[in-house]
Amino acid sequence: MHSYISTRNACKLCSPFGACIVMRGIERCVPLIHGSQGCATYIRRYGISHFREPIDIASSNFVESTAIFGGRDNLFRAIDNVTQQYQPAIIGIASTCLSETIGDDVKLFLHEYKTKYSKKIICTDSTFPLIFYASTPSYRGTHIVGFHEAIHAVIETLAIKLSTNSKKKNRRINLISGFVSAADLRELHEILSAYCVPYTLLPDYSETLDGGVWEDYQRLPKGGTTIKDIESMPDASGTIYFGHAFNKDRNGASYLESNFGIPMNTINLPIGIENTDIFFETLNRITGKKTPEKWDAERNRLIDAYFDGHKYCSGKRAILYGDIDFVDAMNGFLNEIGVETLTAADGAEIDFATILEKAANMKPDFIIGNSKGYYIARELNIPLVRCSFPIHDRIGGHRILHLGYRGTLNLFERICNALMEKNQNTAASGWTYI
Ligand code: SF4
């Protein structure tokens, strides 16, 4: 875990934001921010400008007196309101800097709510929603830490039933994705489906945050990982966990391993051939099957593209930035295609202002990361290859495919084309063949 220092325009976001994205990826789940209204508004606003979808996020709405006397009553009222207005299957509560600083004991509050207070206000036990709680003060970590914390919290709350079959694991797969795009989640579904074994993909906001048009407003959009699939996670023969940004002793995969004996496989996000090969090898080991032919063909297509495009990107120099899981995986991919990474900024100790100061002397050919790098690209007059999160200045950021052989191909072409366009735009005379 990194230590944190003062930064200017840091490349990281607030921790409950990551938790809310996980909550939006669970079927009929409503995220509830325990804190001030501004935290929920910021998270909603930030998410909407990337996903271009409505994102309802409830809040316990702290005021001055709440900050002094505690947020217990506000939280109870918020749960009542959410239950009555949304009829959710589950409510995910994420704490904020303020509620954590004043020492609100949310677990104790929830125990009280369930045993006493609820019975007066809310109907019956059968309509009482499930509730899980993620402790996510932003001074403890970034949006990625909040993301992983929420995954741990929901698994700890729901994966409590050991099936009768659990000693004889049945080739079920658990895949806990990192903070990836909606298109990436659809790609993961396609890959997992090709193995013809049951699986749990957690979270799954491929539809809830990238659905179609509606005739009427839907408070709870269709889609998301079902509660049943989360409850089934202890029956799997293995868990694949993308990324390294989480607490090694406290995360969803290690919880399943230590409580139910499900082996944890921690691997990089499958970006680049090497990382994607490792992903498929892990799937093959867990399922006892071979890589489906279709994906061997995609791998071949990617290698062919590497041959076609290497002359445009090999030897180029890049500045890379973003969340730590993305940066780790991307760094491997860039090395694979012959791009030298001058700076790999994961937002912990390097901020945008520092990147810009350093970058001016490094003479990079392009920068790659989210849309927050726009000013650096503009200042240095070099291409910005937009990917990962957040992308606020283009349409379709949440539909960029990064993962697997097809995602790698997409990124590879984006990089080559950005470099070719820059050459074309700055050439003394116009040309059309490269
Ligand atoms: S106060 Fe903390 S939780 Fe609220 S928006 Fe700011 S960083 Fe996020």
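Within the range 337-346, being of a type outside the set (A, V, I, L, M) and under 24 Å from the mean Cα position of the chain (by Cα) holds for Thr341, Thr343, Asp346. Screening the range 218-268 for residues that are charged (D, E, K, R), surrounded by fewer than 22 Cβ atoms within 10 Å (Cβ to Cβ) and in contact (Cβ under 8 Å) with a residue 60 or more places away in the chain and picking the one that is farthest from Ile160 (Cα to Cα) gives Arg219. Kindly indicate whether Glu53 is more than 12 Å from the ligand (Cβ to nearest atom) and at pLDDT below 95. Here the answer is yes, as Glu53 does meet what is asked. When residues in the range 42-64 are screened for being of a type outside the set (A, V, I, L, M, F, W, C) and open to solvent by less than 60 Å² (accessible area, probe 1.4 Å), 9 of them pass. When the range 22-50 is limited to residues that are out of contact with any strand residue (DSSP E or B) (no Cβ under 6 Å at 6 or more places or on another chain) and of a type in the set (S, T, N, Q), the one that is farthest from the ligand (Cβ to nearest atom) turns out to be Ser49. Of the residues making up the range 384-404, just one is part of a helix (DSSP H, G or I) and open to solvent by 10 Å² or more (accessible area, probe 1.4 Å), namely Arg399. Report whether or not Asn81 is open to solvent by 20 Å² or more (accessible area, probe 1.4 Å), within 16 Å of the ligand (Cβ to nearest atom) and either more than 20 Å from Phe147 (Cα to Cα) or in contact with a Ser or Thr (Cβ under 7 Å, 6 or more places away or on another chain) (or both). Judged against the criteria, Asn81 is not a match. Does Glu413 satisfy the condition of being surrounded by fewer than 16 Cβ atoms within 10 Å (Cβ to Cβ) and within 27 Å of Asn275 (Cα to Cα)? Taking the combined requirement at face value, the residue satisfies it.
The values are calculated or read from the model by the stated rules, or taken from the named source; none is laboratory data. Keep in mind that what you see is a predicted model, and the values were worked out from it rather than measured. In this analysis, Cβ positions are derived from the backbone assuming ideal geometry, glycine residues included, and neighbour counts consider all displayed protein chains. Ligands, DNA and RNA are excluded from the accessible area calculation, which covers all protein heavy atoms including side chains. Shrake-Rupley method; radii C 1.70, N 1.55, O 1.52, S 1.80 Å.
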